[in-house]
1. Compute the Rg/Rh shape ratio of the range 175-246: radius of gyration over Kirkwood radius, all on alpha-carbon atoms.
2. So if I place +1 on the C-beta of Lys and Arg and -1 on the C-beta of Asp and Glu, and nothing else carries charge, what would the dipole magnitude of the chain be about its Cα centre? I want it in debye, nearest 20.
3. In whole Hz, what ³J(HN,Hα) sequence does the range 160-166 give by Karplus (6.51, -1.76, 1.60; θ = phi - 60°), x for Gly and Pro?
4. Which semi-axes, in whole Å and largest first, does the equivalent ellipsoid of the chain have when worked out from the alpha carbon gyration tensor as the square roots of 5 times its eigenvalues?
5. State, to one decimal in nm, how far the label point of Glu233 lies from the label point of His64, with both points 7 Å from Cα in the Cβ direction.
6. Out of His40, His223, His82, any idea which swings most in a Gaussian network model of the chain, alpha carbons joined below 10 Å?
7. Can you work out the Karplus-derived ³J(HN,Hα) for every residue in the range 278-285? Use 6.51 cos²θ - 1.76 cosθ + 1.60 with θ = phi - 60°, whole Hz, and x for glycine or proline.
8. Evaluate the distance, in nm, between pseudo-label points positioned 7 Å from the Cα of Glu221 and of Val104 along their respective Cα→Cβ axes.
Amino acid sequence: MDNPARFNTEAKPTWCPGCGNFGIQNALKKALRSLDLQPHEVVISSGIGCSGKIPHWINAYGFHGLHGRALPVAAGAKLANHKLVTIAEGGDGDGYSEGMGHFVHACRRNVDITYLVHNNGVYGLTTGQVSPTGDRGFVSSTTPHGALESPFHPLALAIAAGATFVARGFSGDLEGLGELIAAGVRHPGFSFIDVLQVCVSFNPSKSFKWYQERVYNLEDEGHDPTDRMKALEMVFRNDGRLPTGLFYRGSAPTHEEGLPQLSAEPLAVQDVTNIDVTQLMEELV
Ligand code: SF4
């Protein structure tokens with residue numbers, strides 16, 4: 001019988017009590033269980049930040065990498081073993097600042113990865129500097145007189161860059177976020193989920209209650225996720241509320257489909273002992 005605790009670790013998270021990362025981690029585990037996956041079928045790569053600790057606290061293959069580099073590591077893992085369910089995750093600072101270039105190209109490259117961004121508008125691990133999704137006027141240690149820049153829209157960027165699964169979840173909605181993650185994993189190709197995350201220590205004005213009063217589900221309003229222009233309209237809708245759910249779903253060939261060498265067994269298990277590389281070496285050396 002399946003062990004419902006199979007993705008748990010003995011080590012316990014050290015996040016601040018009340019941090020939204022707990023909800024995201026639980027939603028991810030819930031999604032993996034709902035897909036009937038086992039720990040050896042999943043790899044999670046992360047960047048730097050409070051959220052980057054997740055591979056330490058989920059029992060699966062994991063790689064805690066460099067700042068902003070969760071996506072290239074995930075792509076490498078997926079291409080080495082395309083049978084693995086591959087999750088990349090990190091914070092908004094990690095993914096939308098240091099990792100911005102990787103994010104844009106992951107959207108158009110369409111490797112079958114599910115990317116979760118824990119979006120709390122602030123660099124939490126380094127004690128509260130404003131991030132690319134922080135509000136204009138946000139007072140932090142790097143912006144003592146208030147941030148001068150406007151926050152950017154990650155969902156709009158993902159849609160414009162060619163992503164075929166673009167969604168937003170909320171760390172306080174375990175059920176809805178778990179379903180979104182499971183749908184993202186099932187989606188063939190790159191799936192992107194921006195998660196509104198509470199940081200009780202460095203962005204306390206956006207509390208659980210603050211979000212709860214504003215978030216709603218697009219599905220309840222009859223949103224058609226196959227309509228790309230409508231999805232963009234919903235991203236930019238400015239009525240004081242925060243839509244969550246699936247904004248856009250399209251289809252495009254995955255990166256893996258264009259690689260004939262992946263049509264057989266994963267590269268990681270192919271027998272390379274009898275491959276003659278003499279000609280290749282002569283060309284290169
Ligand atoms: Fe969570 Fe913020 Fe604490 Fe980091 S600093 S663990 S994001 S509450």
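1. Dividing the radius of gyration by the Kirkwood radius yields 0.99.
2. Numbers: 22 positive and 30 negative charges, 156 e Å.
Once rounded to the nearest 20, the dipole reads 740 debye.
3. Computed from phi, the couplings for the range 160-166 are 5, 7, x, 5, 10, 8, 10 Hz.
4. 32, 21, 20
5. 4.5 nm
6. His40
7. For the range 278-285, the Karplus curve yields 4, 5, 4, 5, 5, 5, 8, 9 Hz.
8. That separation, rounded to one decimal, is 2.9 nm.
The values are calculated or read from the model by the stated rules, or taken from the named source; none is laboratory data. This structure is a prediction, so every number in the text was calculated from the model and none was measured. FYI the Cβ positions are ideal-geometry reconstructions off the backbone, even for glycines, and counts take in every protein chain you see. Note: areas computed on protein heavy atoms with side chains; ligands, DNA, RNA excluded. Shrake-Rupley method; radii C 1.70, N 1.55, O 1.52, S 1.80 Å.
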